[in-house]
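Chemist: First the structure, then my questions, so here it is.
The values are calculated or read from the model by the stated rules, or taken from the named source; none is laboratory data. Quick caveat, the model's predicted, so the values are computed rather than measured. Please note: Cβ atoms are built from the backbone with ideal geometry, for glycine as well, and neighbour counts cover all protein chains shown. To get the accessible areas, we keep the full protein, side chains included, count just its heavy atoms, and leave off ligands, DNA and RNA. Shrake-Rupley method; radii C 1.70, N 1.55, O 1.52, S 1.80 Å.
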Amino acid sequence: MWLIVAKKEIKETFRSKIFIFLSFIVWGLLLFATIGGYKTYSNISIQQKEALKMFRDELAQNG
């Protein structure tokens, strides 16, 4: 019985234009957050590598 109700609810949900619209908004925000997070991770990784290189160069000069 619950399967019949679930199928009916799913069909009605996908008929609604607002659900589709909100789904696109959510997916867009998720994509935006993923791209932004990757760029931040990439920048931090580059800065970390540069700092490590600077530390090793300084250690080699003074050590």
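Chemist: So if I take the alpha carbon set of the chain, get Rg, then get Rh from the Kirkwood formula, what is the Rg over Rh ratio?
Modeler: With Rh from the inverse mean 1/r over Cα pairs, Rg/Rh is 1.55.
Chemist: Efficiency by 1/(1 + (r/R0)^6): what FRET value for residue 22 and residue 2, r their Cβ-Cβ distance, R0 = 30 Å, to the nearest 0.05?
Modeler: According to the calculation, E is roughly 0.75.
Chemist: Quick check: with the 1.4 Å probe, what order do 8, 17 take by accessible area, largest first?
Modeler: Ranked list, largest accessible area first: 17, 8.
Chemist: Also, quick follow-up: Kindly report, to the nearest 10 Å², the accessible surface of residue 20 as traced by a 1.4 Å probe over protein heavy atoms only.
Modeler: Near enough 70 Å² of accessible area.
Chemist: Mark the label point 7 Å from the Cα of residue 42 along Cα→Cβ and return the residues of segment 1-31 whose backbone N is within less than 16 Å of it.
Modeler: 31, by backbone N distance to the label point.
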